[in-house]
Amino acid sequence: LSVVALMLFGSPITADEPTPFVDNYTTRANAFIESTGHDGTGVVIFILDTGVDLALPGLRECRDGRPKVIDARDMTEEGTVELARAVFTAGRGSEIEVTADDSDVVASIDTTRVMLPADSLCYFGFLEETKISHADIPDDPNGNGREDRFALLVYPDESGDEWGLLFDTDADGHLEDEVFTRSFHLDRSAIALSLRDTLETPVYTLLAPTVGEGELSFHWTLGGHGSHVAGTAAGYRLYDRDDLNGNAPNAQIISLKIGSGEFGAHWTNDGSIVKGVRFAAEWSVEHPETPCVISMSYGGTPIYDFQDQGVADIQEILDEHPRLIMVTSAGNEGPGLGSMGSPAHGRDVIAAGNLITKEIVSALWSSEVEGDQPLYESCRGGVTDNPTCMAPGFHVSTVPSYERTEAWQGTSMACPQVSGVISCWLSAIIAEDLEWFREDVLHAIRSGSRDIGYPWFTQGA
């Protein structure tokens, strides 16, 4: 399928190229929205993945004009920047120089252009350019022939209640020409770095900061995987096209990066999955009127001995938060029995298998099949009571310009389909002021899914 997709979508799609691959028809999300008007409004989807690209068409705003991505956090600590108390010394004219003890990075500030707080601590640090390069963006991503270290200065805003930073985006050693940026969840502002990508075309990497006194963390993307699933779940006007939306186009998104570039974009580190689930749970407590759906197109190797501490930790969090929904990909290690991975085999985790529809078979190969079918690699249950259900796992969604194909396949793509559909349901439930719990959603899936004629350990419901 990936070879065929590369042939079909070797360059970005345009408005005059119809495509069947944003398949919110098989999920019936389109029909639900058209008949009820409930499109994910009031619901937040947490995308636990490689990070969501904040600049992409389809991920900028909701149908009603609200911002699409309302927060972006790094769960891996890859984006953590070490800070030390800033040390200021006189420079030339109105400039002062700033550094920190034991640091060989120095920057300057024109004090006629930047008013620094006189009675507060300031912190200094830097970000290595090599940290933000990865498989999709090469070394020396801005193409200037050197390995840059971007200096930054952290200090309070004018109110003194929140912190922000100046970031030397052009690595010229001057901070006065930079924009003071607070935490992303406060202003929806990110720091843009102009990068040179693998296709030799300009692309922006946006660094979404979370900043406090003596603390700083950046969220950036590790390729297009997280953006693709975000667009599938909740994108609105993908590729700036009126006819391409995700399943819940008015749901909002919080991006939690659990993939670590240290090990490759699709590997996690140091319990980042559990950290992400816990963050979503705590956020749901702070916003009790907002239904929260975790969508995680990640997973570990198949589990055989049931001694999986990560799943136990996730189940404990779900037990404590009976309205928190978690959807995950079943995995692509099938078709063997017991191939279901982690955390897809968890008791209250909704595990989505990969369905290939007869419409996609017809469009790709001009062939006919009798009906929709599980894709061969989709993980099977049998040892555990999974998958929960199946959804289309081959389609187009928002991806960054440096990706070479727009059509991706796998259970990773089925997961956000289910997350989006559930978000539409939840928007209807809260609009009708109905009481609900996670078990109600699980029951709806198990009792309302369409049987495609395969064993339960293959198709779930």
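The values are calculated or read from the model by the stated rules, or taken from the named source; none is laboratory data. All values reported here derive from a predicted model rather than from experimental measurement. All Cβ positions, even for glycine, are placed from backbone atoms using ideal geometry, and neighbour counts span all protein chains on display. Heads up: the accessible areas ignore ligands, DNA and RNA and are worked out on the full protein's heavy atoms, side chains in. Shrake-Rupley method; radii C 1.70, N 1.55, O 1.52, S 1.80 Å.
For the stretch 97-127, which residues satisfy the criterion of being part of a strand (DSSP E or B) and either among the charged types (D, E, K, R) or at pLDDT below 90 (or both)?
Filtering the stretch 97-127 down to residues part of a strand (DSSP E or B) leaves 97-100, 107-110, 123-127.
Listed by number, the residues that qualify are E97, D110.
Among the residues of the stretch 447-454, is any touching a strand residue (DSSP E or B) at 6+ places or on another chain (Cβ under 6 Å), closer than 23 Å to G331 by Cβ and open to solvent by less than 40 Å² (accessible area, probe 1.4 Å)?
no
Could you list all residues from the stretch 24-48 that are at pLDDT below 95 and in contact with a strand residue (DSSP E or B) (Cβ under 8 Å, 6 or more places away or on another chain)?
T26, T27
Determine, yes or no, whether V43 is closer than 20 Å to S217 by Cβ, of a type in the set (V, I, T), out of contact with any Asp or Glu (no Cβ under 6 Å at 6 or more places or on another chain) and open to solvent by less than 20 Å² (accessible area, probe 1.4 Å).
On the way: closer than 20 Å to S217 by Cβ: no; of a type in the set (V, I, T): yes; out of contact with any Asp or Glu (no Cβ under 6 Å at 6 or more places or on another chain): yes; open to solvent by less than 20 Å² (accessible area, probe 1.4 Å): yes.
No, not satisfied.
Somewhere in the stretch 75-96, is a residue buried (at least 22 other Cβ atoms within 10 Å of the Cβ) and assigned to a strand (DSSP E or B)?
no
Of (1) of a type outside the set (A, V, I, L, M, F, W, C); (2) crowded, with 20+ Cβ neighbours inside 10 Å; (3) over 25 Å from S260 (Cβ atoms), D177 satisfies all except one. Which?
Tallying (1) of a type outside the set (A, V, I, L, M, F, W, C); (2) crowded, with 20+ Cβ neighbours inside 10 Å; (3) over 25 Å from S260 (Cβ atoms), D177 fails exactly one: (2).
Look through the stretch 100-122, keep the residues that are in contact (Cβ under 8 Å) with a residue 12 or more places away in the chain, out of contact with any Phe, Trp or Tyr (no Cβ under 9 Å at 6 or more places or on another chain) and exposed (fewer than 12 other Cβ atoms within 10 Å of the Cβ), and return whichever of them is nearest to V87 (Cα to Cα).
Only one residue fits best here, namely D101.
I'm trying to understand the selection: among the residues of the stretch 321-350, which are touching a helix residue (DSSP H, G or I) at 6+ places or on another chain (Cβ under 7 Å) and either among the hydroxyl-bearing types (S, T, Y) or over 21 Å from S419 (Cβ atoms) (or both)?
T328, S329, L337, S342
Can you name every one of the helices (runs of 4 or more DSSP H) wholly within the stretch 349-461 that holds 2 or more residues which are closer than 28 Å to D313 by Cα? Show your work before the answer.
Working: elements: 358-365, 411-431, 438-448, 456-459.
It comes to 411-431, 438-448, 456-459.
Need a quick list: strands (runs of 3 or more DSSP E) entirely within the stretch 232-307 having at least 3 residues that are modelled with pLDDT under 90 and either under 25 Å from R380 (Cβ atoms) or among the β-branched types (V, I, T) (or both).
Values: elements: 252-257, 264-268, 292-296.
Ranges flagged: 264-268.
For the stretch 394-420, give me each residue that is over 17 Å from the mean Cα position of the chain (by Cα) and surrounded by 24 or more Cβ atoms within 10 Å (Cβ to Cβ).
Correct list: F394, H395, A407.
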